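Scroll down for the structure; my scribbles are underneath it.
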Amino acid sequence: MKTTNYFSHLFAIVVLITVVGCASTTTKEGTGEYLDDSVITTKVVTAIFNDPELKTAEINVETFKGVVQLSGFVTSNYNINKAVVVAKSIKGVTSVKNDLHLKQ
């Protein structure tokens with residue numbers, strides 16, 4: 001009887017440590033969030049690359065907790081706005097931070 005009680009307490013402690021270890025904070029993503037953000041980043045990069053007006057390798061995309069940050073260089077203000085619209089159209093994107101600049 002004591003052995004069963006010991007193992008149930010041990011199991012509860014292991015589960016608690018696992019849950020706390022994978023939890024997110026304001027500066028760190030949890031495991032599930034990291035995977036979700038990776039999928040969002042891939043979808044945004046693909047959408048930007050497939051857009052004939054934005055087909056460029058000079059737009060960098062990073063995602064943290066659903067917030068997409070665009071950075072890099074484009075040739076016009078229209079392309080800056082277009083990249084933001086394309087990023088916002090992806091499911092899972094909560095907001096877009098625009099750090100794109102014009103080439104000079």
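Against the condition in contact with an Asp or Glu (Cβ under 8 Å, 6 or more places away or on another chain), charged (D, E, K, R) and open to solvent by 20 Å² or more (accessible area, probe 1.4 Å), how does LYS91 come out, does it pass? So LYS91 fails the test.
The selection criterion, being aliphatic (A, V, I, L, M), free of Cβ contacts under 8 Å to residues at least 60 places away in the same chain, part of a strand (DSSP E or B) and more than 11 Å from THR41 (Cα to Cα), does not hold for VAL85.
Of all the criteria given as (1) outside any strand (DSSP E or B); (2) free of Cβ contacts under 8 Å to residues at least 40 places away in the same chain; (3) under 16 Å from the mean Cα position of the chain (by Cα); (4) buried (at least 17 other Cβ atoms within 10 Å of the Cβ), the one not satisfied by VAL68 is (1). For the stretch 71-82, the set of residues classified as open to solvent by less than 30 Å² (accessible area, probe 1.4 Å) and either of a type in the set (Val, Ile, Thr) or not in a strand (DSSP E or B) (or both) consists of VAL74, ASN79, ILE80, listed by residue number. Among the residues of the stretch 42-65, the ones that are open to solvent by 20 Å² or more (accessible area, probe 1.4 Å), assigned to a helix (DSSP H, G or I) and either closer than 19 Å to LYS103 by Cβ or among the polar types (S, T, N, Q) (or both) come to 4 in all.
The values are calculated or read from the model by the stated rules, or taken from the named source; none is laboratory data. Everything quoted here is computed from the prediction, not taken from an experiment. All Cβ positions, even for glycine, are placed from backbone atoms using ideal geometry, and neighbour counts span all protein chains on display. Note: areas computed on protein heavy atoms with side chains; ligands, DNA, RNA excluded. Shrake-Rupley method; radii C 1.70, N 1.55, O 1.52, S 1.80 Å.
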